[in-house]
Structures are given as structure tokens and as C-alpha cells.
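Read the structure below first, then the notes.
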Amino acid sequence: QKATPRVGLAILISLFFGLTIGLIAVLVKEFFDNTIKSIEEIENRGLSLLAIIPNLNLDSKKKRARKNKNAENETVKNLERRLILHEDPKSPIAEAYRGLRTSISLGRVNHSSSPDQGISLLVTSSGPGEGKSTTAMNLAITYANLGKKVIIVDGDLRKPVVHKVFNLEKSVGITSYMAGNNDDKIEKYINKSDVTENLFVLCAGPVPPNPSEILGSEKMKNMINELKNKFDVVIIDTPPLIAVTDAFIIGTYVKQFLLVIRSGVTHKGALDRSIKNLQYNGVKISGCILNAASEATSYGGGYYYDYYQYYYGTDENRT
């Protein structure tokens, strides 16, 4: 007599091995994943977390595509360099940038001996592709929307991007001012943004052969001090810390130093090296921003986006 297949047992064995293999794969991936993914990993390094910026997910991309038919051809990377505060001011991400502004302002009142002085800050990251330029530009818009006179300075003289986002010519900027006559006024090189009132842009200018020397010059230091006297808020975007020394140089010219950490992208080794280099150069990190947080990439950070979506996301007519 032919033996009857034990179908139930076969299914159980298949499920067992499937779950086991899946669990092993997850554990192996976690073991070899050397990126920052949680709030705890940031705070354990003695860093203060100022804000959590939610990830630009597929739903937000589709929503923008309905408003702009060309948007469906854009990649997420391109979207992240857009001005969220200008294009979608009621989104969870826009609200997160406002929260960042509040954290910075409260920190100044609590820790600054002169809270009435203007704000000057630098935004950078340990490595490329972590969202420092996006953070700097959107933060500038939040201050401009408060009625502050704001200037965003593209201090990345190697791979500038600010002029692209604001649709400006990069031929006039920091490097052209540095190469000009000493009698030149800095106002000649500053652009008025058409994004919002009170927002001005100083582009990087033509890429020079000696960026570090230009940034470390006395003329550069005097230029930033002049901007601090002319504007309520000065925000400087700089190259990543792990690649070049530019941010370390500019960090000595400003009052606050902000570090952007991208969930699932920033490498722990690069972050640790950046922190040590900053300490060695006597630059204090004022606070960190956890960028692109989601349930998939950030333990302890994804809830922020979900709660905000639950509270605001379903109300299309909110004001």
C-alpha cells in the first residue's frame, strides 16, 4: 500500500525553515549594517538631537505628482533637494523643519549669554548624500517666514548646489567676491530669492583650485562677520566633514554647528571620526538632526512621522 503524504507536516517543516532562513538573513544584515539607525545611537555619543525629519515616502511623491505632471519623472533624490517649505508648507516634513527652528531658538535662549544677538549657524554632515543642503535651505525658509532677514551662504566651494535649487547663476558668489577688489561691497554678490520674502542667497561662485585657503582667509572671516551684522540669520552650507577640512574652518566663524545624520546612510565610523576631529579642532556640535527617519530605517524615529500623519495627514482642508 502506497504511503499517504503527510501534507500538514510538510507545510510545518517548510514554514519552520522559511522563518529560520528569514530570521538568519535579517540578523546577518543587521550584523554587517554599520549605519546609524536609532535615536539612542546618536544620544549614546553625547550628541543632542534637535529634530527628526521624516522620510520622503512614495505617498508624498504621488501627492506632488498630482500637482505637477512633470513630477512623476523625478527621482526621490531630486525631490529631497526641493524646497519643502515652499512647495508643501503643510507637510509633516515642513512641520519638522519648523520644530528644528524652535529647538535652535530655545537652545540659544537657554545657553547663549547674548540671546538677542543674531543667529549664525553652519550645517554639515559626516558624509555626502545625508541631506545637509536640503536642511540648510529649508531651515532658512522657516526663519524667513517669521519675518527675519535671512541669508543662506553656499560654503561648499567644491560641489555647490544651492544655486541650482534657487535657479541662480553660480558665476557670481563667494569666490568672485574674494577675487574682486577690496573696495567691492558684498551686496553686489548677494541674490534676492523669489521663494519667500526676506530670503537672500550668496552662491559659491566659480569653483576655485584652493577652496580651503579661501575659506581660511581673513577676508572670508571678515565677510561672514559683515553678513552677521547685516542679517538676522546667517546659515552656511558646507562640504561633508569626512572628506575635507572646510567645515572645520568655517565652524570657528559661527555660533552654532549643526550636524545632519541620515538614518540608514550615515556610517558609525565616519560619524565617530567626525566627532573626534571636531573635538580636536575645538569645534563644539550644537545639535544633530536625524534625517529621513522612517519605520524601515530608524528604530525609535518612525513613530514621529506616523503620529504626525495621523494628526494632520488626513485633513486636506487644514489651514
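Between residue 213 and residue 24, what is the FRET efficiency for a Förster distance of 41 Å, r being their Cβ-Cβ separation, to the nearest 0.05? Don't skip to the end; give the middle numbers.
Details: r = 53 Å, r/R0 = 1.28.
For residue 213 and residue 24, the calculated efficiency is 0.20.
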(request) Could you check the simple spin-label distance between residue 15 and residue 34, using points 7 Å along Cα→Cβ, in nm with one decimal? (result) 4.0 nm
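Roughly to the nearest percent, how much of the accessible area of the range 172-292 is carbon and sulfur, given a 1.4 Å probe?
On the way: 2440 of 5220 Å².
Ligands and nucleic acids excluded, carbon and sulfur give 47 percent.
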(message) Please list, in order along the range 269-284, the HN-Hα scalar couplings obtained from phi with the Karplus expression 6.51 cos²θ - 1.76 cosθ + 1.60 (θ = phi - 60°), rounded to whole Hz, x for Gly and Pro.
(response) x, 5, 5, 4, 5, 5, 4, 5, 5, 5, 5, 5, 8, x, 9, 9
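Return one whole number: the accessible area per residue of the range 196-242 in Å², for a 1.4 Å probe. Numbers along the way, then the final one.
On the way: 1800 Å² over 47 residues.
For the range 196-242, the solvent-accessible area averages 38 Å² per residue.
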(request) Let me know the shape class of the range 151-303, please: from the alpha-carbon gyration tensor, a ≥ b ≥ c as square roots of the eigenvalues, rounded when a/c is under 1.5, otherwise prolate if a/b is greater than b/c, or oblate. (result) prolate
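If you take the beta carbon distance between residue 276 and residue 106 as r and set R0 to 35 Å, what does 1/(1 + (r/R0)^6) give as a FRET efficiency, to the nearest 0.05? All intermediate terms of the calculation are to be shown ahead of the outcome.
Details: r = 28 Å, r/R0 = 0.80.
Efficiency, from the Cβ-Cβ distance: 0.80.
From the square roots a ≥ b ≥ c of the eigenvalues of the alpha-carbon gyration tensor of the range 255-298, which class results: rounded (a/c under 1.5), prolate (a/b over b/c), or oblate? Don't skip to the end; give the middle numbers.
Working: a/c = 4.76, a/b = 1.75, b/c = 2.71.
Since a/c reaches 1.5 but b/c is at least a/b, the shape of the range 255-298 is classed as oblate.
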(message) With θ taken as phi - 60° and the coefficients 6.51, -1.76 and 1.60, list the Karplus ³J(HN,Hα) couplings across the range 139-155 in order, rounded to whole Hz; mark glycine and proline as x.
(response) 5, 4, 5, 4, 6, 5, 5, 7, x, 6, 7, 10, 10, 9, 10, 7, x
(request) Determine the distance separating the Cα centre of the range 244-271 from the Cα centre of the range 144-182; give it in Å without decimals. (result) 20 Å
(request) Quickly work out the residue 188-to-residue 90 label distance, labels modelled 7 Å from Cα along the C-beta direction, and quote it in nm with one decimal. (result) 4.6 nm
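Assign one of three labels to the range 189-244, namely rounded, prolate or oblate, based on the Cα gyration tensor with a ≥ b ≥ c the square roots of its eigenvalues; rounded applies when a/c is under 1.5, prolate when it is not and a/b is larger than b/c, and oblate otherwise. Intermediate results must be reported in sequence, preceding the final value.
Working: a/c = 1.94, a/b = 1.55, b/c = 1.25.
Cα axes put the range 189-244 in the prolate bin.
The values are calculated or read from the model by the stated rules, or taken from the named source; none is laboratory data. What you see is a predicted model, and the numbers here were worked out from it, not measured in a lab. Because the Cβ atoms are built from the backbone with ideal geometry, glycine has one as well, and the counts that use them run over all protein chains shown. Ligands, DNA and RNA are excluded from the accessible area calculation, which covers all protein heavy atoms including side chains. Shrake-Rupley method; radii C 1.70, N 1.55, O 1.52, S 1.80 Å.
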